[in-house]
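Presented below is the structure to which this report refers.
The values are calculated or read from the model by the stated rules, or taken from the named source; none is laboratory data. Just so we're clear, the structure is a prediction, and the values are computed from it rather than from any experiment. Cβ coordinates were reconstructed from backbone atoms using ideal geometry, including for glycine residues, and neighbour counts include every protein chain displayed. Heads up: the accessible areas ignore ligands, DNA and RNA and are worked out on the full protein's heavy atoms, side chains in. Shrake-Rupley method; radii C 1.70, N 1.55, O 1.52, S 1.80 Å.
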Amino acid sequence: MAALPRGDGFVIDRPETRYARSGDLMVAYQVTGEGNPIDLVHAPGTVSHLELFWDIPDATALIERLSSFARLIRFDKRGTGMSDRPQGPATLEERADDIRAVMDAVGSERAFVFGSSEGGSMACVFAATHPERTRGLILWGTQATWIRTDDYPWGRSMEEALAEIDDLAEHGMTDTYLFGPGAGAGAGMSEEAMEPIRRLWRSATTPGALAALERMNLDNDIRGVLPSVHVPTLVMNRTNDPVADVEAARDLASHIEGARFVEFAGDKHVFFQGPNKDEIVAEIQEFVTGTRPALESDRALATVLFTDIVDSTQVAAALGDHAWRELVERHHKIVRDLLARSRGIEMDTAGDGFFATFDGPARAVRCALAVVEAVRSLEIEIRAGVHTGEVETIDGKAGGMAVIIGARISESANASEVLVSSTVKELVAGSGLRFEFAGEHELKGVPDRWRLYRVVDQASASITNA
């Protein structure tokens with residue numbers, strides 16, 4: 001086994017890939033954290049590759065964190081990564097049984113089962129079928145079904161999903177699919193960070209197999225299974241996850257008796273990316289062990305700013321991957337330059353959106369106005385939301401309800417519009433900024449109705465006097 005050095009001096013051994021027999025197929029798996037008394041089995045999302053996962057620094061850090069408190073058992077689902085390819089599409093029942101096969105192979109009597117994204121479906125089926133072997137169920141970025149219908153308002157329409165599948169079969173995996181709302185592998189990263197993710201996906205499956213897998217997932221609907229899950233359950237989702245709607249995840253949790261739902265700020269689907277990944281792992285650790293690790297935390301009043309490009313999916317599709325990537329890079333440079341001039345601190349960049357904090361609300365508002373005007377030169381528009389409240393900073397990353405509120409306000413804004421909470425409006429009295437009432441809004445996941453205001457004094461967009 002090769003030792004993998006980490007930047008913090010920690011060294012983790014890369015484990016040997018082994019195989020478990022599941023029916024007629026062999027399922028590849030790896031085990032880390034040997035010696036820990038608790039087993040944690042991870043059911044991955046659409047595709048995975050055990051060996052190439054180690055080439056992604058954030059993924060390696062995740063393995064180390066989870067393996068510090070549990071024996072972590074990871075596997076590639078049948079048809080992907082290093083596991084055997086079935087003759088035809090695998091059923092949800094067969095994929096759930098792969099969890100059993102891997103647990104048997106490693107001698108695990110009972111385990112916490114952790115399902116990410118589409119892997120959450122098989123995790124739920126396993127937990128409902130084998131409660132005697134499931135100590136607890138953990139779900140991240142999971143919907144009960146992925147297609148929007150008359151009685152299920154979340155997800156894509158069948159027409160949108162079929163069009164994406166046809167494109168995958170015809171052209172193979174593109175950056176628009178991989179880093180956008182298709183796979184949600186994490187947009188807004190440097191080319192250096194994106195390449196190992198592309199390599200993993202290219203090696204984990206083929207264009208035809210990926211299209212077939214996505215087509216099979218259209219039929220996944222575990223709504224009938226959820227009431228039969230009778231094990232402790234933790235459901236987690238980010239507020240602006242581009243793949244799994246936070247309200248769909250909340251609805252899923254409501255149909256599992258006693259399930260706990262936790263919402264995190266941010267818009268990355270992959271949970272080991274983003275500013276609050278340590279909080280997420282801490283939540284998992286507390287659920288699994290009963291003890292929450294100590295994280296350096298500080299609470300203070302701060303102003304949060306969220307921005308994102310309007311109609312980014314359509315713009316990306318019209319431009320193509322290369323031109324879209326260049327546009328995003330130019331957009332990021334503009335925003336970062338203006339943040340620096342406004343004393344804003346960049347907290348997260350996900351795809352085409354920014355999350356920043358400020359020590360003064362007027363600077364945040366003027367910065368938002370300046371960004372609105374500056375990006376017009378790129379022939380795009382952004383929306384922005386600003387809120388002031390108590391922000392909890394953990395290991396240098398901001399979180400808490402104020403952050404969620406800021407993200408929700410941004411979602412409510414129209415193109416080239418800056419919306420603020422009444423708190424911000426009151427705090428900047430005397431600054432010269434002017435506002436008009438934008439109505440009372442329900443902010444998803446936030447109690448009560450909120451009075452929001454749009455900034456109308458564009459002349460105050462200059463940040464030189466902030």
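Any residue in segment 176-188 that is over 18 Å from the mean Cα position of the chain (by Cα) and surrounded by 17 or more Cβ atoms within 10 Å (Cβ to Cβ)? Within segment 176-188 (the criterion being over 18 Å from the mean Cα position of the chain (by Cα) and surrounded by 17 or more Cβ atoms within 10 Å (Cβ to Cβ)), the answer is no, since none of the residues qualifies. Scanning segment 313-349 for residues that are under 18 Å from Pro242 (Cα atoms) and without any contact (Cβ under 8 Å) to a residue 60 or more places away in the chain gives a single hit, Gln314. Within segment 406-428, restricting attention to residues that are in contact (Cβ under 8 Å) with a residue 60 or more places away in the chain and open to solvent by less than 20 Å² (accessible area, probe 1.4 Å), the residue that is nearest to the chain's Cα centre (by Cα) is Ala407.
In segment 297-314, the residue that is farthest from Ser422 (Cα to Cα) out of those that are modelled with pLDDT of 90 or more and either polar (S, T, N, Q) or assigned to a helix (DSSP H, G or I) (or both) is Thr307. The set of residues in segment 55-94 being part of a loop (DSSP other than H, G, I, E, B), buried (at least 20 other Cβ atoms within 10 Å of the Cβ) and among the basic types (Lys, Arg) consists of Lys77, Arg78. Among the residues of segment 99-136, the one identified as open to solvent by less than 10 Å² (accessible area, probe 1.4 Å), among the polar types (S, T, N, Q) and within 19 Å of the chain's Cα centre (by Cα) is Ser121. Please work out if Phe358 is more than 20 Å from the chain's Cα centre (by Cα), at pLDDT 90 or above, open to solvent by less than 20 Å² (accessible area, probe 1.4 Å) and of a type in the set (Phe, Trp, Tyr). It is true that Phe358 is more than 20 Å from the chain's Cα centre (by Cα), at pLDDT 90 or above, open to solvent by less than 20 Å² (accessible area, probe 1.4 Å) and of a type in the set (Phe, Trp, Tyr).
For the residues Ala384, Ala407, the requirement of being under 28 Å from Asp175 (Cβ atoms), of a type outside the set (D, E, K, R) and not in a helix (DSSP H, G or I) singles out Ala384. Between Glu170, Glu214, Glu160, the distinction of being at pLDDT below 90, surrounded by fewer than 17 Cβ atoms within 10 Å (Cβ to Cβ), part of a helix (DSSP H, G or I) and under 22 Å from the mean Cα position of the chain (by Cα) belongs to Glu160 only.
Thr388 - would you say it is open to solvent by less than 40 Å² (accessible area, probe 1.4 Å), touching a helix residue (DSSP H, G or I) at 6+ places or on another chain (Cβ under 6 Å) and among the hydroxyl-bearing types (Ser, Thr, Tyr)?
yes
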